[in-house]
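Input: a single structure, listed below in structure tokens.
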Amino acid sequence: MLSPSVLSGSTPPARARLVPPFAAAMLALALTACGGGSSTPGPVAPTQPPVVQQPVVQPPVVQPPVTEPPAPQTVRVQVQGLKGAGLTLQNNLGDDLVISADGTTSFSTTIAVGASYQVSVKAPPEMPPQTCTVSDGAGQVADGVSPTVSVTCNRPPHFAFATFLSATRVLTVDDVTGDLTLTGFSVSQGGIFGGTLAPSGRFLYLADVVTNAVRSYAINIDTGELTQLPGSPAASGQSQPQAMGISRNGKYLYAANRASNTLSMFAVNTATGALTLQGTVPTGTYPLAVQMTPDGRYMYVANYIAGSISIYSLNATTGAATALGEIPSGVNTRFLAMDPLGRFLYTTSGGNQIGGFVIDGATGNLTIMAGAPFPAGTTAQNMVIDASGKSLYVTNETSATVGSYSIDPMTGALTLLGQLPTGGLPEGVNTDPVSGAVYVAQQSTNALAVHTPDPQTGNLTAQRNVSVGGAPIGITVLGFR
């Protein structure tokens, strides 16, 4: 059926939408919450600021400051006066330091701050020997400071030893003039010849013809005082040792036993100076002088009664002497002298001449020198050649002179420069390797003559006599060029 509105052709009124009771209630509730339905707003609740969580700040970790340990220091050494070789220092008994010249150097091992150092001499210098002392050598290392130690070395030894029949006296030698001064030191052992020095300069040996032995002495290199060594004297095992020679390396000493016609050989302890007899070899009749070549290969012995020279080769390792032969050298050959290079050998026989031989360096054989024998004064005795090898000096006992000769460097021939008067009965003669002075032992004047050589020619000028209180026979000089 059509509705009346449709029938009448009019627009029907809108129909009210029915809201279910439950929905209506929910709608009212929503409107109330939103303030809907009222034009007056209700009270507004205060707005709370948001709670901001602050980060927890930890206190900074403070690192302790980094402290660097103090740097270790080197111990420095200042050396003065050093002439020899082989000076060795130690710090705290280690860390060897070898020093060869004056100046400042340092130990290689550093020392921690606060630690101790102590510097000492492990080995003294040799050739020449010296005594070295340490100053301010111990202490503790301070921060930032390198400790400095001072080492002072004494002058090399420079002494003369005058030999009498029953004593040996010590004199000091002036480095420049060669002048002599008695020290007051002496020993009650002398001899017919001067003493024999060890190459090191630390020991002196005296042949004792009375007790048939060799006496050994330590030399105080600062004062010259002589001290007899333990075990001295060392018996030669033969009769009347007189002349001696020592090898250049200082390991072997040879003593000619004049009444036994033998040569005793001793091994030498180079550290202590002690002698040990190794054996003997035969010589010619009545051996009185011994000379060895500088290279240590050959040895020559003058036989007084036989009028000959015995020739030996030497074993450098064992010191053994092997006889190579015996050659005639003139009646009563008594003294020998050899130039520093070992090329020429000279002889005297108590006459008025000087014999000369050329040495064959390869075989040790001797050949008579051209022009030999050479003229000398009356009763020519002992001889010496200076350190340069240019001059020979000989004492003439009866004429009371000392002869000066130049040596031809090619042939060895001698040229007489002059005969200088000297004290009566001159016997021993020697030169000072430092100043060049020539000394003569004058038996009848109880003095040592000091003569000065001309630097160009070698001819002598008398300087002065030094009284030594007795009749000196020989003189030995300890000095290093």
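The values are calculated or read from the model by the stated rules, or taken from the named source; none is laboratory data. These figures come from a predicted structure and were not determined experimentally. Glycine also receives a Cβ, built like all others from the backbone with ideal geometry; neighbour counts cover every protein chain displayed. SASA here: full protein model, heavy atoms, side chains in, ligands and nucleic acids out. Shrake-Rupley method; radii C 1.70, N 1.55, O 1.52, S 1.80 Å.
Only residues that are outside any strand (DSSP E or B) and closer than 28 Å to P69 by Cα were counted across the stretch 88-119, and they come to 10.
Restricting T431, T395 to those that are of a type in the set (V, I, T), within 23 Å of A243 (Cα to Cα) and open to solvent by 10 Å² or more (accessible area, probe 1.4 Å) reduces the list to T431.
Residue under question is L448, and the condition is that it be over 16 Å from T398 (Cβ atoms), modelled with pLDDT of 95 or more, more than 37 Å from the chain's Cα centre (by Cα) and not acidic (D, E); does it hold?
Working: over 16 Å from T398 (Cβ atoms): yes; modelled with pLDDT of 95 or more: yes; more than 37 Å from the chain's Cα centre (by Cα): no; not acidic (D, E): yes.
No: the conditions fail for L448.
When G195, G201, G237, G231 are checked against the criterion of being of a type outside the set (A, V, I, L, M), at positive phi and open to solvent by less than 40 Å² (accessible area, probe 1.4 Å), G201 stands alone in meeting it. Among the residues of the stretch 355-375, just one is part of a strand (DSSP E or B) and hydroxyl-bearing (S, T, Y), namely T367. Among all residues of the stretch 252-262, there is at least one that is aromatic (F, W, Y) and crowded, with 20+ Cβ neighbours inside 10 Å.
The residues on offer are V145, V113, V98, and the sole one that is over 30 Å from N249 (Cα atoms), open to solvent by 60 Å² or more (accessible area, probe 1.4 Å) and aliphatic (A, V, I, L, M) is V145. Test T461 against the stated conditions and say whether it is within 24 Å of S406 (Cα to Cα), open to solvent by less than 40 Å² (accessible area, probe 1.4 Å) and in a strand (DSSP E or B). Judged against the criteria, T461 is not a match.
Considering the stretch 269-354, the qualifying strands (runs of 3 or more DSSP E), each wholly inside and each with 3 or more residues that are more than 30 Å from P233 (Cα to Cα), run over 321-328, 344-348. Checking P282, P328 one by one, the residue that is over 28 Å from S200 (Cα atoms), without any contact (Cβ under 8 Å) to a residue 24 or more places away in the chain and not β-branched (V, I, T) is P328 and no other.
Say we look at the stretch 148-182 and pick out the residues that are crowded, with 19+ Cβ neighbours inside 10 Å, more than 23 Å from P125 (Cα to Cα) and of a type in the set (G, A, S); which of these is farthest from the chain's Cα centre (by Cα)? Across the stretch 148-182, the extreme among qualifying residues is A162.
Take S239 and tell me if it is touching a residue at least 40 places away in the same chain (Cβ under 8 Å) and not in a strand (DSSP E or B). Here the answer is no, as S239 does not meet what is asked. The residues of the stretch 291-337 that are within 28 Å of the chain's Cα centre (by Cα) and not hydroxyl-bearing (S, T, Y), listed by number, are Q291, M292, P294, D295, G296, R297, L314, N315, A316, G319.
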